[in-house]
């Protein structure tokens, strides 16, 4: 992927305009931790390797990573979510608060367990660590009607000052209740940008500005399971993407992320537009790349750029993210720097 001077110039004006945009994020907050260890010896208790603890890192994951990316790009973010009255919930809210997010609308429930994912990585001191195990902590139930009512009430109260909304659904049922979706849909009908990023429910967001599935989320929504090892064909992506676009309605667009094959943008009245990968295919970690895309798309659209321009910028942001380990954000400085490196300069003596 390359940019011309005009496109890069437009981005140098667009990205600074993200600062101060007020975005509401409703979704599943996840506490992500990475525990690093060095193989030491075999255990006498079981046929397993003992790892000598080296260090541990903690990141905001799930919807919290979307919040992190929005903040890094300059937005003001109000979070609407549910966490447990536990150590993981406390740590997650403290971290988001320290980053500048407004977490006053997050509900703490003693009957809810904060979603947490712990990844164990092993390797020698001077080698790349590999993930050997992941331990998930989950609530084990959907939010109660009262928990949902409290979150929705705070969303309604915030509607007067929020410029754009993101639904960040990781399958824990908070963001996909009919009344929750309807609150955001009504915000879209008032002219606000509303974006949905949903792992399992991409067909439920009729009337949203944009829905952003990856290939597998798109195919799973239509029961398509047998995908070749080398990946889905362009024709299958085109067929299924058009199907979702029509189902979502005339006011919606679909952006399908395709890993190392870039993206495909679907708009009503336009031919689907492929967007090639930005940067190298030597990817370090794809974790959280979808959240990076959603954040850049939301702020670009809220700043009134076109869908294609927003998609190309978010593609650059994703290219920066996948070179970082963990669910870490992409800043506005990193985004413009990466865009500058993709710019082809024309003129005498230039190629």
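The values are calculated or read from the model by the stated rules, or taken from the named source; none is laboratory data. Since this is a predicted model, take the numbers as computed values, not measurements. Note that each Cβ is placed from the backbone with ideal geometry, even for glycine, and that neighbours are counted across all protein chains shown.
One table, with the values for the structure above:
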{"item": "Strands (runs of 3 or more DSSP E) lying entirely in the stretch 25-112 (those with 3 or more residues that are more than 29 Å from residue 336 (Cβ to Cβ) and either out of contact with any helix residue (DSSP H, G or I) (no Cβ under 6 Å at 6 or more places or on another chain) or at pLDDT 95 or above (or both))", "result": "29-42, 49-62, 82-84, 107-109"}
{"item": "Residue check, residue 171 within 20 Å of residue 291 (Cα to Cα), within 22 Å of the chain's Cα centre (by Cα) and free of Cβ contacts under 8 Å to residues at least 24 places away in the same chain", "result": "no"}
{"item": "Residue check, residue 17 touching a residue at least 60 places away in the same chain (Cβ under 8 Å), outside any strand (DSSP E or B) and more than 19 Å from the chain's Cα centre (by Cα)", "result": "yes"}
{"item": "Subset of the stretch 122-131 that is assigned to a strand (DSSP E or B) and modelled with pLDDT under 95 - its residue that is surrounded by the most Cβ atoms within 10 Å (Cβ to Cβ)", "result": "131"}
{"item": "Scan of the stretch 268-279 for residues that are in contact with a helix residue (DSSP H, G or I) (Cβ under 7 Å, 6 or more places away or on another chain), part of a loop (DSSP other than H, G, I, E, B) and under 13 Å from residue 319 (Cβ atoms), ordered by number", "result": "277, 278, 279"}
{"item": "Selection count where residues are within 27 Å of residue 217 (Cα to Cα) and either surrounded by fewer than 22 Cβ atoms within 10 Å (Cβ to Cβ) or at pLDDT below 95 (or both), scope the stretch 152-169", "result": "2"}
{"item": "Residues of the stretch 64-77 that turn out to be buried (at least 24 other Cβ atoms within 10 Å of the Cβ) and more than 14 Å from the chain's Cα centre (by Cα), as a count", "result": "2"}
{"item": "Residue pairs meeting the criteria (Cβ under 9 Å; at least 6 apart or on separate chains; first at negative phi and free of Cβ contacts under 8 Å to residues at least 24 places away in the same chain, in the stretch 197-220; second crowded, with 21+ Cβ neighbours inside 10 Å and in a loop (DSSP other than H, G, I, E, B))", "result": "219/213; 220/213"}
{"item": "Residue check for residue 9: assigned to a helix (DSSP H, G or I), without any contact (Cβ under 8 Å) to a residue 40 or more places away in the chain and farther than 29 Å from residue 264 by Cα", "result": "no"}
{"item": "Lone qualifier among 342, 248, 307, 265 - being surrounded by 14 or more Cβ atoms within 10 Å (Cβ to Cβ), in contact with a helix residue (DSSP H, G or I) (Cβ under 6 Å, 6 or more places away or on another chain) and either farther than 15 Å from residue 212 by Cα or modelled with pLDDT of 90 or more (or both)", "result": "265"}
{"item": "Residue check for residue 150: farther than 20 Å from residue 29 by Cβ and either in contact (Cβ under 8 Å) with a residue 40 or more places away in the chain or not in a loop (DSSP other than H, G, I, E, B) (or both)", "result": "no"}
{"item": "The lone exception for residue 102 - which of (1) buried (at least 19 other Cβ atoms within 10 Å of the Cβ); (2) in contact (Cβ under 8 Å) with a residue 24 or more places away in the chain; (3) closer than 18 Å to residue 154 by Cβ it fails", "result": "(1)"}
{"item": "Answer from 241, 290 - the residue that is part of a helix (DSSP H, G or I), within 19 Å of residue 307 (Cβ to Cβ), touching a helix residue (DSSP H, G or I) at 6+ places or on another chain (Cβ under 9 Å) and free of Cβ contacts under 8 Å to residues at least 40 places away in the same chain", "result": "241"}
{"item": "Evaluation of residue 37 against (1) touching a strand residue (DSSP E or B) at 6+ places or on another chain (Cβ under 9 Å); (2) under 30 Å from residue 174 (Cα atoms); (3) surrounded by 14 or more Cβ atoms within 10 Å (Cβ to Cβ) (one fails), failing number", "result": "(2)"}
{"item": "Leading residue by the ranking (modelled with the highest pLDDT) among those in the stretch 318-333 that are assigned to a helix (DSSP H, G or I) and buried (at least 18 other Cβ atoms within 10 Å of the Cβ)", "result": "332"}
